[in-house]
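A short worksheet on the structure shown next.
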Amino acid sequence: MGDEIKPTVQEKKKTQLKGLTLEELKNFFTSIGKPRFRGEQIFNWLYYHLATDFDEMSNVPKVLRNELRDLCELQTLDYVASEVSPITGTKKYVFETKDKLKIESVIIPEVERTTLCVSTQVGCPLDCTFCATALMGYKRNLTPGEIFDQYLLAARDYGKDQITNIVYMGMGEPLLNYNSTVKSLKILAEDLNKSIGPKKITVSTAGIAPKIRELADTNLKVKLAFSLHSCFEDVRSKIMPINNKYNLKQNIEAVKYYARRTGTRITFEYVMLNEINDRDEDITALIALCSELPSKINIIPFNSLKHMEPQGFAAGLETTPLYRIDEFVEKLKDKNINVRVRDTQGDDISAACGQLAIKYSE
Ligand code: SAH
């Protein structure tokens with residue numbers, strides 16, 4: 001014994017700058033005895049210019065850049081792999097966190113926009129029966145920096161100007177990682193960061209009612225998508241266990257509050273599950289619900305979970321046949337409901353809605 005190893009300066013834990021909001025960056029510079037305007041400069045480099053190295057920060061003096069390199073870290077994720085669908089051009093990325101966990105993000109090119117879909121958790125604790133992410137289990141929340149760096153790495157690869165919209169619809173439940181989600185939204189929606197405004201950002205939730213209200217009160221005014229999937233409490237509880245904790249009634253009150261408070265229209269997501277939520281009474285209930293608040297419906301044909309080898313109830317799930325989806329949609333349109341069928345983009349590379357999952361061997 002006796003060979004005690006003293007920590008050297010280099011071993012001291014560095015401050016992770018990525019994920020700090022504008023206010024936090026200014027406070028960081030105060031804490032190291034520098035002027036607060038450096039916070040604004042660094043904000044710009046990190047989140048607007050998407051810098052990955054201090055040497056890119058040309059208007060920051062070299063001495064300060066070197067000092068920052070000793071004190072701070074800049075990146076939270078590493079690129080691992082990507083795959084492009086030859087059919088639709090959908091591009092799936094696999095990124096790795098510093099603690100070696102893998103997450104996925106997807107770029108979805110459409111005619112009038114290109115959307116990046118980001119993850120907020122490694123895995124998901126919600127256990128929705130129809131979702132592949134549930135089958136991989138839950139590992140941990142992502143930090144605000146890790147949420148942002150999915151955008152950074154995708155934008156640096158795909159072209160920043162190409163990405164017009166961001167949806168929080170990847171792995172995980174954004175509102176169960178509320179603080180990181182809100183911080184990352186603040187960074188993206190900050191006035192200094194003109195890349196993507198709040199109108200082009202959508203947060204999707206399975207329904208954490210109190211957090212929907214809290215998000216409304218932040219004044220961020222991003223769009224909200226609510227994963228409805230059934231207008232009936234018993235059916236919804238069966239396919240989405242979270243409905244036992246925050247039921248549909250509480251969630252509908254919360255989304256109404258969100259629409260009122262933010263002046264936005266709610267998107268109801270609706271995965272078509274054969275003989276579960278595609279009956280005539282489901283159409284009637286949807287029409288009644290849509291009359292109560294400004295909303296639109298996104299119909300999503302159910303994407304197979306077969307690549308995850310599901311068991312039990314999940315193994316028997318099937319998508320509603322196409323002719324019935326058409327009929328369902330037409331009946332909604334007849335009542336002037338704003339409805340569209342979302343393309344099942346990327347299911348050939350397991351990158352479509354609800355197919356994101358990493359198979360861990362342990
Ligand atoms: N946890 C959030 C965001 C992630 S899921 C939420 O539940 O909203 C994004 C969307 O994909 C949700 O509407 C989800 O219900 C849907 N989805 C999940 N599994 C699916 C599948 N197998 N096929 C089609 N859509 C699915």
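The values are calculated or read from the model by the stated rules, or taken from the named source; none is laboratory data. Small disclaimer: the values here were computed from a predicted structure and weren't measured. Here the Cβ is made from the backbone with ideal geometry for all residues, glycine too, and neighbour counts use every protein chain on show. Protein only, heavy atoms only, side chains kept; ligands, DNA and RNA dropped before computing areas. Shrake-Rupley method; radii C 1.70, N 1.55, O 1.52, S 1.80 Å.
Among what's in the stretch 194-221 and is assigned to a helix (DSSP H, G or I) and among the hydrophobic types (A, V, I, L, M, F, W, C), pick the residue that is nearest to the ligand (Cβ to nearest atom).
212
Looking at the stretch 42-63, can you tell me whether even one residue there is within 20 Å of residue 184 (Cα to Cα) and in a strand (DSSP E or B)?
No; the residues of the stretch 42-63 include none that is within 20 Å of residue 184 (Cα to Cα) and in a strand (DSSP E or B).
Inside the stretch 278-313, can you point out the residues that are assigned to a helix (DSSP H, G or I), in contact with a Lys or Arg (Cβ under 9 Å, 6 or more places away or on another chain), within 16 Å of the ligand (Cβ to nearest atom) and open to solvent by 50 Å² or more (accessible area, probe 1.4 Å)?
Once the filter is applied, which keeps residues that are assigned to a helix (DSSP H, G or I), in contact with a Lys or Arg (Cβ under 9 Å, 6 or more places away or on another chain), within 16 Å of the ligand (Cβ to nearest atom) and open to solvent by 50 Å² or more (accessible area, probe 1.4 Å), the stretch 278-313 yields 307, 313.
Is it the case that residue 106 is aliphatic (A, V, I, L, M), in contact (Cβ under 8 Å) with a residue 24 or more places away in the chain and open to solvent by less than 30 Å² (accessible area, probe 1.4 Å)?
For residue 106, the condition - aliphatic (A, V, I, L, M), in contact (Cβ under 8 Å) with a residue 24 or more places away in the chain and open to solvent by less than 30 Å² (accessible area, probe 1.4 Å) - is met.
Before we move on, is residue 255 within 15 Å of the ligand (Cβ to nearest atom), under 28 Å from residue 136 (Cα atoms), assigned by TED's automatic domain parsing to the domain that holds residue 218 and not in a loop (DSSP other than H, G, I, E, B)?
When the stated conditions are applied, residue 255 does not pass them.
Is it the case that some residue within the stretch 75-88 is within 19 Å of the chain's Cα centre (by Cα), open to solvent by 50 Å² or more (accessible area, probe 1.4 Å) and closer than 21 Å to residue 187 by Cα?
The answer is yes; a qualifying residue exists.
How many residues does the stretch 138-182 contain that are part of a strand (DSSP E or B), touching a Leu at 6+ places or on another chain (Cβ under 6 Å) and open to solvent by less than 30 Å² (accessible area, probe 1.4 Å)?
Qualifying residue count, the stretch 138-182: 1.
What about residue 134, is it surrounded by 22 or more Cβ atoms within 10 Å (Cβ to Cβ) and free of Cβ contacts under 8 Å to residues at least 24 places away in the same chain?
Considered against the rule, which asks whether it is surrounded by 22 or more Cβ atoms within 10 Å (Cβ to Cβ) and free of Cβ contacts under 8 Å to residues at least 24 places away in the same chain, residue 134 comes out as yes.
Quick check, is residue 266 within 16 Å of the ligand (Cβ to nearest atom), aliphatic (A, V, I, L, M) and closer than 18 Å to residue 227 by Cβ? It would help to see each step written out before you state the result.
Working: within 16 Å of the ligand (Cβ to nearest atom): yes; aliphatic (A, V, I, L, M): yes; closer than 18 Å to residue 227 by Cβ: yes.
Yes.
Can you report the number of residues in the stretch 229-258 which are over 22 Å from the mean Cα position of the chain (by Cα), surrounded by 15 or more Cβ atoms within 10 Å (Cβ to Cβ) and closer than 13 Å to residue 211 by Cα?
Final tally of qualifying residues: 1.
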